[in-house]
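J.: Shown below is the structure under consideration.
The values are calculated or read from the model by the stated rules, or taken from the named source; none is laboratory data. As the structure is a computational prediction, the values presented were derived from the model and not from experiment. Ideal geometry is used to build each Cβ from the backbone, glycine not excepted, and the neighbour counts take in all protein chains shown.
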Amino acid sequence: MTTDHGTQAQVIVRLDGVHKEYGETKALDGVSLEIRAGEAVAVMGPSGCGKSTLLNMVAGLDRPTAGTVEVRGQGLGKLNETGLALFRRHHVGMIFQFFNLIDDLPALDNVAMAAQLTGTSARQARRRALELLDELGVAERKDMYPAVLSGGERQRVAVARALMNRPALLLADEPTGALDSRSGEQVMDLLIDLNQIGQTLLMVTHDPHLATRCASRLVELADGKVARESSLERTA
Ligand code: ADP
């Protein structure tokens, strides 16, 4: 990769020749990819092309059959299961299509728990959780349980949880897939705002509108390979 007089942003994610096989199925078939600090990368492609597998590799939720994954220079292959869990807690935030909130906990505790898992005191965690809920426009929902929140509110709570530990990387798997179009647009606005203040994003989506609105770069996968990469002019 060329350097722009040495001023290019730090590489946050580096995949090198990543293969993943499930039995006979080649989910990833030699994927190499770099993501730099401040980028917003959308991964698209037909169902079954390997998008979720790719995200799981970067999150350290699954391991490649061959090849290497580095996040902030840390080779994930060198970490044992405990190391991977710690890596995820400290460096990666994840949001999902169906929010993955804990039903038995109010919004504030869903968010605060992410920091308590890293050893932050309950008081500090609740304070930061409240700040984030406030920034994301759902502070008045702090004592409500996920079941009584709208889809858009749930995703905001999930974004707050993902940001608790100031992750180097925010991963999103179809983050607007379960939302009506208005809530979807609001979550997209949120992702754009976060990226504009420097948050590096990697999202997986079927939705070209999400990709063109929120991403600065598009990576198209086909049959487990990178078929095309392109820069995007955001349409926001
Ligand atoms: P996408 O997210 O693009 O729909 P996936 O990454 O989920 O694609 O899947 C890629 C391929 O790997 C598919 O053929 C899928 O069936 C297969 N696959 C994914 N996860 C598993 C698994 N845990 N066990 C077996 N096959 C899997």
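J.: In a loop (DSSP other than H, G, I, E, B), of a type in the set (Phe, Trp, Tyr) and either surrounded by 16 or more Cβ atoms within 10 Å (Cβ to Cβ) or within 16 Å of the ligand (Cβ to nearest atom) (or both): is that true of Phe98 in this structure?
T.: Judged against the criteria, Phe98 is a match.
J.: Return the only residue of Gly177, Gly224 being touching a Leu at 6+ places or on another chain (Cβ under 8 Å) and within 15 Å of the ligand (Cβ to nearest atom).
T.: Criteria check complete, one pass: Gly224.
A quick yes/no check of all residues on (1) within 15 Å of the ligand (Cβ to nearest atom); (2) surrounded by fewer than 22 Cβ atoms within 10 Å (Cβ to Cβ):
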{"residue": "Ala40", "(1), (2)": "no, no"}
{"residue": "Val43", "(1), (2)": "yes, no"}
{"residue": "Cys49", "(1), (2)": "yes, yes"}
{"residue": "Thr65", "(1), (2)": "yes, yes"}
{"residue": "Thr68", "(1), (2)": "no, yes"}
{"residue": "Val71", "(1), (2)": "no, no"}
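J.: Same structure again: Would you pick out the residues in segment 41-95 that are among the small types (Gly, Ala, Ser), touching a strand residue (DSSP E or B) at 6+ places or on another chain (Cβ under 9 Å) and in a loop (DSSP other than H, G, I, E, B)?
T.: Within segment 41-95, Gly45, Gly48, Gly50, Ala59, Gly60, Gly73 meet the criteria.
J.: Next question. Leu190 passes all but one of (1) under 14 Å from the mean Cα position of the chain (by Cα); (2) within 16 Å of the ligand (Cβ to nearest atom); (3) modelled with pLDDT under 95; which number fails?
T.: Tallying (1) under 14 Å from the mean Cα position of the chain (by Cα); (2) within 16 Å of the ligand (Cβ to nearest atom); (3) modelled with pLDDT under 95, Leu190 fails exactly one: (2).
J.: Would you please name the residue that is nearest to Gly93 (Cα to Cα), looking only at residues in segment 133-143 that are at pLDDT 95 or above and buried (at least 16 other Cβ atoms within 10 Å of the Cβ)?
T.: Leu133
J.: Across segment 120-134, what is the number of residues that are among the charged types (D, E, K, R) and touching a residue at least 24 places away in the same chain (Cβ under 8 Å)?
T.: Residues meeting the conditions: 1.
J.: Could you give every pair whose Cβ atoms fall below 7 Å, whose first residue belongs to segment 163-191 and is crowded, with 19+ Cβ neighbours inside 10 Å, and whose second residue is part of a loop (DSSP other than H, G, I, E, B) and of a type in the set (A, V, I, L, M), counting only separations of at least 6 or pairs across chains?
T.: Close Cβ pairs satisfying both conditions: Leu171/Ala59; Val187/Leu179; Leu190/Leu136.
J.: Give me the strands (runs of 3 or more DSSP E) completely within segment 177-236, filtered to those with at least 2 residues that are over 18 Å from Met44 (Cα atoms), ordered by residue number.
T.: none
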